[in-house]
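Read-outs: derived from the displayed coordinates by stated rules, not from any lab. Given the structure is predicted, the values throughout are model-derived calculations rather than measurements. Cβ: placed from backbone, ideal geometry, glycine included. Neighbour counts: every protein chain shown.
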Amino acid sequence: MTVAADGGPARNWAGNHTYARGSFSAPADLEELRRVVAGADRIRVLGTGHSFNDGVDTPGTQVSLRHLDHVSVDAAAGTALVGGGARYVDALPAIHAAGWALPNTGSLPHISVAGAVSTGTHGSGTGNRIAASAVAALTVVLPDGDLLTVRRGEPGFEGMVVGLGAKGVVAELELALVPTFDVVQDIHPGLPWERLLADPLAVMATGYSVSVFTRWVDEPGGTVGDVVVKHRTDDRRPAEEVEALLGRPQPGEAPSAMLGASEHLTPRGTPGPWFTRLPHFPPDGDPSFGDEDQSEWFVPLEHAVGAVAALRAAVDAAPAVFAEAMAVSELRTIAADDIWLSGSAGRASLAFHFTWRNVAARMDAVRAVEQALAPFTPRAHWGKTFTRPVDLGLWEHTEDWIAQRRALDPDGRFANGYLERLGLL
């Protein structure tokens, strides 16, 4: 990552966004963080740089929590405390070593836990909720430098977790854990398009976590692409049932036609601890493609058939644009939750994710996807690229979220152009 003159990163990790800020600070500890927050006219928090828009830009101070990266596990209580700068790669091995697990992870272990929680990051699985659903409590630094801890079950908790950096600086999170488990994952390259178009939810229900990687065109043999199925070893569907729908898995050491060489992916074909199999990319590998942009939209599961067909038709209608702009697309499912600004708030979702090449044509492709999904009440991922105004009426608790933000930050110290553009101030 390129370093700017003020000592902070100049751009996000993908290189598609150059940060705009008045100054940069990386406090050494919590007390220094409290002083920085209290002394700043405007402030936004920079995580690990895995967002793709201007969500952390500010005319004031952009602060990094990279030194607040502590992790501790209470094995008796089944909880973990992680600092606001801790990454999943820092936390997951310690959680597993204590005999515990998180129910799910995102695609990358490189990202910060607080950043993932605050922006609504998720993995896949019809029974798995977003990362923020694992939060039992969080502590934030308020505009005056004071600390506020809010626990699940207390009023307003559901508005704090996906807070988009607007409710305070997340200094620490307490995560509720589950007993550790093993996972085995396979790649199935033989799914015909007619099966996905006919019943996408049957495909997504073939494992504990399922991702369909596609370029929305016919691959050799009229197939979709690669279906990555991750099974818990203690609750696995019979192989003959899965193969009847998806075809046989490829050998574990074989490269992925959609994601590349095996050394850039987590192990396939053999069982291992959850944290070594649920992410797609290993901690010592390149996260995704690099030099890219990303977009994602959440659609209610009841619209899955129509939305998949509409996306396929949109790509068929503009093949040159998508061939130039799209590196790969991924379908994932997420269970419904009660978090106010979650992409799956109140509704189980099918998520349409796109990794774009960092070329001008990507914006034409983004607009084409938005038009195709418009009839299906899509919610855009807060941390990724979108062009259409957000319909805040799609969330039941938007007004509650805004009222909570105003109560915690009445002078708008954590506000910025991104939040204003979204209508969340």
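Can you tell me how much longer the chain between T233 and A20 gets when fully stretched, taken as 0.36 nm per residue apart minus their C-alpha distance, in nm with one decimal? The partial results should precede the final answer.
Details: separation 213, 0.36 × 213 = 76.68 nm, distance 4.64 nm.
Here the segment from T233 to A20 would lengthen by 72.0 nm.
With a/c under 1.5 counting as rounded, go ahead and sort segment 237-315 into rounded, prolate or oblate using the C-alpha gyration tensor (a ≥ b ≥ c being the square roots of the eigenvalues; past the cut-off, prolate if a/b is larger than b/c, else oblate). Each step should come with its number before you reach the end.
Working: a/c = 1.94, a/b = 1.22, b/c = 1.60.
The shape class here is oblate.
With r defined as the distance between the Cβ atoms of A202 and D316 and R0 fixed at 22 Å, what FRET efficiency is calculated, to the nearest 0.05? Intermediate values should be presented prior to the final figure.
Working: r = 23 Å, r/R0 = 1.05.
E(calc), rounded to 0.05, equals 0.45.
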Check: If the chain between D6 and M363 were fully stretched, how many nm would it gain, using 0.36 nm times the residue separation less the Cα-Cα distance?
Finding: 125.4 nm
Notebook entry, point to check: How would you rank 382-394, 207-219, highest first, on the average number of other Cβ atoms within 10 Å across their residues?
Noted result: 207-219, 382-394
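Let a ≥ b ≥ c be the square roots of the eigenvalues of the Cα gyration tensor of segment 182-380; is it rounded (a/c under 1.5), or, if not, prolate (a/b larger than b/c) or oblate?
Numbers: a/c = 1.43, a/b = 1.27, b/c = 1.12.
Rounded, since a/c falls under 1.5.
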Notebook entry, point to check: Highest mean first, what order results for 91-98, 41-48 on Cβ atoms within 10 Å?
Noted result: 41-48, 91-98
Check: Taking the structure as given and computing percent of Cα pairs over 31 Å apart, which label from (1) 36; (2) 49; (3) 42 fits?
Finding: (1)
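Taking R0 as 35 Å, what FRET efficiency do you get between R248 and D74 from their Cβ-Cβ distance, rounded to the nearest 0.05?
With a Förster radius of 35 Å, E is 0.20.
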Check: In degrees from 0 to 90, rounded to the nearest 10, what is the angle of the helix 30-39 Cα long axis to the longest principal axis of the chain?
Finding: 70 degrees
Check: Residues in segment 129-170 near a label at R35, defined as backbone nitrogen under 19 Å from the 7 Å Cα→Cβ point?
Finding: 141-147, 169
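Starting from the Cα gyration tensor of segment 1-110, take the square roots of the eigenvalues, sort them a ≥ b ≥ c, and report rounded, prolate or oblate (rounded when a/c is under 1.5, otherwise prolate if a/b is larger than b/c, else oblate). Don't jump to the answer; show the numbers that get you there.
Working: a/c = 2.81, a/b = 1.62, b/c = 1.73.
Oblate is the answer for segment 1-110, as a/c is 1.5 or above yet b/c matches or exceeds a/b.
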Item checked: Distance between modelled label sites at D411 and T387, nm, 7 Å Cα→Cβ extension -> 3.9 nm
Notebook entry, point to check: Using 0.36 nm per residue, how much length does the chain from E420 to E240 gain when fully extended, once their Cα-Cα distance is taken away?
Noted result: 59.6 nm
